[in-house]
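Read through the structure below, which is laid out as structure tokens, and then see the notes.
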Amino acid sequence: QVQLVESGGGLVQAGGSLRLSCAASGGTFSIHFMGWFRQAPGKEREFVASIHWSSGRSNYADSVRGRFSISRDNAKNTVYLQMNSLKSEDTAVYYCAVRPTMTNSYTYWGQGTQVTVSS
């Protein structure tokens, strides 16, 4: 059973920073990509950032590029999201996800962690 557990969310003032973590464990699988998604109240889930597990190459949504940084610790199966210069628009539940090798979609999801940015 694959488990993804996010941590690091909380309340922060606009302009501040937070660092999210997500540890994947359980089951037998290999990571192709890990990514972060977010969902604000009344809105659809949207892509935030992803990282290719082997190369470390990253991709970002335009809305966060230059402010957020994704990284990973391969040995720990852990992905991080460093969020700087936070805006009220970043307020959402942030979800960690895994795209396993031999698949073409994100199939494992964490429970989410709330990020609230006050103005």
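The values are calculated or read from the model by the stated rules, or taken from the named source; none is laboratory data. All values reported here derive from a predicted model rather than from experimental measurement. Glycine gets a Cβ as well: all are built from the backbone with ideal geometry, and neighbour counts include every protein chain shown. Remember, those area values only see protein heavy atoms, side chains included, never the ligands or the DNA or RNA. Shrake-Rupley method; radii C 1.70, N 1.55, O 1.52, S 1.80 Å.
The single residue among Arg72, Arg38, Arg65, Arg99 that is within 15 Å of the chain's Cα centre (by Cα) and either among the aromatic types (Phe, Trp, Tyr) or within 16 Å of Gln114 (Cβ to Cβ) (or both) turns out to be Arg38. Consider the range 95-119. How many of its residues are among the aromatic types (Phe, Trp, Tyr) and either within 18 Å of Gly66 (Cβ to Cβ) or part of a helix (DSSP H, G or I) (or both)? Of the residues in that region, 0 qualify.
Of all residues in the range 56-68, one or more are open to solvent by 10 Å² or more (accessible area, probe 1.4 Å), among the hydrophobic types (A, V, I, L, M, F, W, C), assigned to a loop (DSSP other than H, G, I, E, B) and within 20 Å of Gly42 (Cα to Cα).
Being of a type in the set (Ser, Thr, Tyr), modelled with pLDDT of 95 or more and either under 19 Å from Ser118 (Cβ atoms) or out of contact with any Gly (no Cβ under 7 Å at 6 or more places or on another chain) (or both) is a property that Tyr60 has. Condition (residue is in a loop (DSSP other than H, G, I, E, B), in contact (Cβ under 8 Å) with a residue 24 or more places away in the chain and under 12 Å from Arg19 (Cα atoms)) applied to the range 75-84: is it met by at least one residue? Within the range 75-84, one or more residues are in a loop (DSSP other than H, G, I, E, B), in contact (Cβ under 8 Å) with a residue 24 or more places away in the chain and under 12 Å from Arg19 (Cα atoms).
Would you mention how many residues in the range 1-42 are in a loop (DSSP other than H, G, I, E, B) and among the aliphatic types (A, V, I, L, M)?
3
Taking the conditions (1) open to solvent by less than 50 Å² (accessible area, probe 1.4 Å); (2) under 18 Å from Val117 (Cβ atoms); (3) not polar (S, T, N, Q) in turn, Cys22 satisfies each one other than (2).
Among the residues of the range 43-53, which ones are open to solvent by 50 Å² or more (accessible area, probe 1.4 Å) and either part of a strand (DSSP E or B) or modelled with pLDDT under 95 (or both)? Before the answer, list the steps.
Of the range 43-53, the ones open to solvent by 50 Å² or more (accessible area, probe 1.4 Å) are 43-47.
Scanning the range 43-53 gives Glu46, Phe47.
Checking each residue in the range 85-106 for being surrounded by 13 or more Cβ atoms within 10 Å (Cβ to Cβ) and either among the hydrophobic types (A, V, I, L, M, F, W, C) or over 25 Å from Gly16 (Cα atoms) (or both) picks out Leu86, Ala92, Val93, Cys96, Ala97, Val98, Arg99, Pro100, Thr103, Tyr106.
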